[in-house]
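> Provided herewith is a single structure, encoded as structure tokens, for subsequent inquiry.
The values are calculated or read from the model by the stated rules, or taken from the named source; none is laboratory data. Computed from a prediction, not measured in an experiment: that's the story for all the values here. Positions of Cβ are backbone-derived with ideal geometry, glycine not excepted, and every protein chain shown enters the neighbour counts. Each accessible area value is taken on the protein alone, full model and side chains, heavy atoms only, with ligands, DNA and RNA left out. Shrake-Rupley method; radii C 1.70, N 1.55, O 1.52, S 1.80 Å.
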Amino acid sequence: MSTIINISSIATATVLQSMHTVDSEFRRSGRTISLMLIGKKTGIDDLPDELIREIMFTIMEPSTRSEKVDDKLSIISPIVSENNPITPFPLTRVCRRWRRIACTTKSLWKSIAIIEPSFKHVHRVKLWLTYGDGYKLDIMLRQSYSVGDEERRATAEILTMLVQRIQKWSNVEFHFTENELPSLIAHHMRHPNPSVLQTAIISHQSRHMDIKERARDVWGSLQETPLKHLKWISPAPAMAFSSANIQTLNTSCFTFQVLLDTLRLCPNLSSIDVELLNVPPMDADHLEYRVEYPNLRSVAMKGHKTDIATFLRLHCLPSLTSLELDPIDVTSFIHLRGLILRSECTLRQLALEVRNVQALDVAGWLEQDFFQELETLSISGAEINDHVLLMLTCPPLRGNRPTYFEKLKFLFLGQLMSNVDDGTFLRMLGSRFWTPQGAPPKTELEKAGFLVATKTNPMAMYEVMINSCAERMAESKDKNWRHWQNPFY
């Protein structure tokens with residue numbers, strides 16, 4: 001009963017907003033819609049089906065993408081949607097008319113999430129697939145950390161129903177736990193009918209040999225789909241991925257040679273995030289030719305430093321805008337500089353996890369031309385001294401440049417040395433978080449993070465002040481009140 005009251009109240013509150021939405025859609029299509037409300041008290045039951053449907057979409061739409069699925073909602077209906085965290089089932093309980101509209105609006109049932117499958121999910125999945133039959137489907141299935149007999153059997157029943165709609169899978173996310181990778185997944189991924197699959201996230205942790213073979217079968221079948229985005233989390237070592245469709249790839253099961261082969265076989269790859277397997281580095285002395293990948297815009301590479309140096313030395317990436325490397329040392333940075341200069345690219349994001357790098361080395365890096373266009377800068381593992389902080393102050397108080405990082409929005413640095421002057425540190429932050437009146441315009445920081453050995457009282461007070469200021473600015477409609485007096489100046 002409480003569910004019906006909630007739905008009705010939400011629906012009534014959103015009538016005017018939904019009327020505007022429907023009217024806008026009809027006007028864009030060259031049609032008009034008019035509701036005569038004068039001279040008659042109109043209730044929600046008097047609204048046309050089209051407007052009720054728009055109200056349903058408004059109810060289903062989350063306020064933010066990060067909104068959590070409510071625990072109480074999960075109890076009411078064990079099947080929810082992470083993209084649209086309000087389940088459609090309560091809409092079918094308001095009245096017969098709402099049930100008819102909800103059950104015949106297939107797009108309401110486009111996204112399904114099953115968390116810790118059990119027998120209570122099975123019937124709901126059958127209904128969900130019936131109501132959304134023929135519509136492209138987003139699926140998320142996540143097993144619990146410890147899978148029991150009921151969950152294993154429920155998973156098998158649910159997957160049996162889902163694979164019957166496999167040609168309608170648009171985005172899938174499967175998280176299987178230890179010793180779990182159902183064989184029917186490997187079997188049915190090779191579906192004879194054309195697929196609309198665009199995004200796949202598949203993870204499992206089993207190291208059993210037979211499950212590794214299933215994983216290789218799934219890996220191979222994914223290359224035969226029009227897949228554009230793939231995240232693959234598996235201990236099973238994979239062969240190189242080969243696809244003209246793939247655009248983003250995230251995996252932790254590559255050797256360096258498989259990485260090179262994948263780059264060669266995926267000409268339209270624009271983003272790759274790879275953690276190399278812990279194997280001996282590749283003997284790359286004979287690899288002297290350089291290869292250009294014109295579409296690769298984002299690279300995140302974690303693994304053996306020798307392989308990273310080889311990667312930097314062998315490639316040209318003219319479209320590169322985002323780069324993350326872990327680990328990197330002073331020698332590898334020389335190759336990084338060579339890659340950027342050779343590629344003539346413009347970096348916007350740079351994240352480095354460094355090894356054996358001193359504050360003096362960091363200061364030398366900040367002098368490089370390609371740092372000046374950065375919007376995100378993250379250097380972890382290096383000690384930061386006063387000299388580096390003064391170089392980051394705007395305008396800089398050390399170094400050979402009149403300006404530094406005018407476009408910087410996000411700044412994350414490693415350990416501040418114990419002898420760093422907190423006044424120097426706070427002046428740098430203040431100069432980047434705010435633009436004083438009369439100063440040259442610059443992009444202001446949105447977020448900063450530092451490791452400190454001891455958080456002094458001024459640092460703690462400044463942290464509270466910045467965070468509270470950010471909250472007030474987020475709530476304020478007036479974004480022109482940035483010029484306020486900093487009490488630490």
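> So between Gln358 and Phe57, what do we pick up on full extension, going 0.36 nm a residue minus the alpha carbon distance?
This chain segment gains 102.9 nm when fully extended.
> How much accessible area does Phe119 have with a 1.4 Å probe, in Å² rounded to the nearest 10?
Approximately 90 Å² of Phe119 is accessible to the 1.4 Å probe.
> At a 10 angstrom cut-off on C-beta neighbours, averaged per residue, how do the peptides 377-389, 129-141 rank from highest to lowest?
377-389, 129-141
> State the extension gain, in nm to one decimal, for the chain segment bounded by Glu446 and Asn295, taking 0.36 nm per residue of separation less the distance between their alpha-carbons. Write down the numbers at each step before the final one.
Values: separation 151, 0.36 × 151 = 54.36 nm, distance 2.90 nm.
Stretched out fully, the Glu446 to Asn295 stretch lengthens by 51.5 nm.
> While we're here: All other residues with a Cβ under 14 Å from the Cβ of Arg165 taken together, and with Lys, Arg as +1 and Asp, Glu as -1, what is their net charge?
So the surrounding residues net to +3.
> Would you calculate the separation in nanometres between label points at Lys120 and Thr403, each defined as 7 Å from the Cα along the Cα-to-beta-carbon direction?
About 5.9 nm, to one decimal.
> For a 25 Å ceiling on Cα separation, which of these pairs sit above it: Lys305/Lys442; Lys409/Lys455; Lys136/Lys228; Lys106/Lys126; Lys110/Lys447; Lys106/Lys231?
On the way: Lys305/Lys442 36 Å; Lys409/Lys455 23 Å; Lys136/Lys228 16 Å; Lys106/Lys126 14 Å; Lys110/Lys447 35 Å; Lys106/Lys231 28 Å.
With Cα atoms farther than 25 Å apart: Lys305/Lys442; Lys110/Lys447; Lys106/Lys231.
> Counting only protein chains, not ligands or nucleic acids, how are Thr454, Thr248 ordered by accessible area (probe 1.4 Å), most first? Let's see the in-between values first.
Details: Thr454 95, Thr248 40 Å².
Sorted by accessible area, descending: Thr454, Thr248.
> Starting from the residue with the highest accessible area, list Asp217, Asp261 in decreasing order, probe 1.4 Å. Numbers along the way, then the final one.
Numbers: Asp217 70, Asp261 40 Å².
Sorted by accessible area, descending: Asp217, Asp261.
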